[in-house]
1. Over the alpha carbons of segment 277-356, what is the largest minus smallest coordinate on each principal axis, giving the biggest first in Å?
2. Could you give the nm distance between label points at Thr170 and Asp85, where each point is 7 Å from its Cα heading toward the beta carbon?
3. Order of His40, His251, His136 from fewest to most other C-beta atoms within 10 Å?
4. Label point 7 Å out from Glu196 along Cα-to-Cβ: which residues of segment 20-44 have amide N under 20 Å?
5. Where does each of Asp392, Asp271 land when they are ranked from fewest to most other beta-carbon atoms within 10 angstrom?
6. Could you quote the convex hull projected area for segment 330-380, Cα atoms only and averaged over all directions, in nm²?
7. How do Arg177, Arg390 line up, fewest other C-beta atoms within 10 Å first?
8. Please list the radius of gyration and Dmax for segment 126-224, considering alpha-carbon atoms only, with Å as the unit.
Amino acid sequence: MRRDGQPAAGAAKSQTLAASDIESIYRMERVRLIAGLARHVGDLTLAEDLAQEALVSALATWPRTGTPPNPGAWLMTTAKRRAVDLWRRRRMMARHEATLAHDIETAHVDDFEVVEATLDDAIGDERLSLIFTACHPLLSRDQRTALTLKVIAGLTTEEIARAFLTQETTVAQRIVRAKKVLREGDVGFEVPIAKERDARLASVLEVIYLIFNEGYAASRGEDLIRAQLCDEAMRLGRILVGLVPEEPEAHGLLALMELQASRFKARVAPDGSAQTLETQNRRLWDRLLIQRGLGGLATVKRLGGEDGIYALQAALAAVHARASRFEDTDWALSAALYDRLLEGVPSPVVALNRAVAHAMAFGPETGLALLAEIEAEPSLAGYVALYAARGDFLMRLGRMPEARVEFEKAAGLSDNAVERAFLLQRAELSNDPRTNR
């Protein structure tokens, strides 16, 4: 394209370039574009607005001129010009105007190599800075989750609200407040270094895993699994692994999600009922995801991160992935891995899952003894899995009336329709005199 905005001689035109094609290109460039703009203008809301204006300009221009050689650079240059125009009109942010004006005055819109270089930060990709900013510790967990899904995953507030069964206005408020906190806190759109980066990485991993977990075991609603949330979490995990390839916990988290997601098709029967690991049709497990997850664990081992929190959980998921039948599960290995995990994460929930593994490896009496050690924990008072686990142990011991009581307690606490139906079914089973497990 020439400096006067006309297509260069020989440039390919596309009179039939559809708006959907342009929007597809924009979606691919969107996160990187917003990240670069946010770094320059210091305001996430403004960066999103400028990116949207660049899309509008592309929709008006590209059907006439054809897609530019580097669409991302074209969009960035257009958005920066909008920013300069805006600041000039508002007579604001003079120091930013001078810097950006100099960048644009010294580079042509077709000088894609120069513009492309401004998209990347010192470590190679400004998307990483945006991910770390969206997961800043100043933000609450809900704010981090909503902002990450909105800015990084590109979900609308309506989609986020529907995924978490929350009011759209609530999600919108969380996003607005999150942006306000970042703005008032003068948070830089950059990747932190040294210890601060390690602390922030934990926050990034936590948010991605929270998103996946809400999809994997929906806490409310009619569906046991919300695949869209899981897919978005895995997509974010793959982006993160690509940006920090030497971080073993990033690989561990992605491996964990892929191994867990491999069982999706088998977790719900055709009639909509929940299926446990014991009853799942393992031929429905996704072998490609299992292969990817096991490959991720191999990378974790190469990087020396086998004792990481997510790596250990991925190793636990791999125990099941490697078993062709439920009877082949290495429960002793699972119990040992939970022992290691509990040392690193002294959490009541981890202790509960450890009790389940030990019950399977060494008998339900062992499981009940371990549950007795944690049942007084306040955080487990209304936790469905505690009562469900106790019910299962009691059922395996043949103590049916007691098992029924526990399953009914668990069902009464569940807000998920599929889970509640499964627990009530277990309660009925424990009431059947023919049942002897």
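Read-outs: derived from the displayed coordinates by stated rules, not from any lab. Fair warning: this is a prediction, and the values are worked out from it, not measured in the lab. Here the Cβ positions follow ideal geometry from the backbone for every residue, glycine too, while neighbour counts run over all protein chains shown.
1. Sorted from largest, the Cα extents of segment 277-356 read 35, 30, 17 Å.
2. Calculated label separation equals 4.0 nm.
3. Sorted ascending by nearby Cβ count, the order is His136, His40, His251.
4. 35-44
5. Listed from fewest to most nearby Cβ atoms, that is Asp271, Asp392.
6. Working: hull surface 12.2 nm².
Mean shadow area of the hull around the Cα atoms is 3.1 nm².
7. Values: Arg177 16, Arg390 25.
Least to most surrounded, the residues fall as Arg177, Arg390.
8. 13.6, 44
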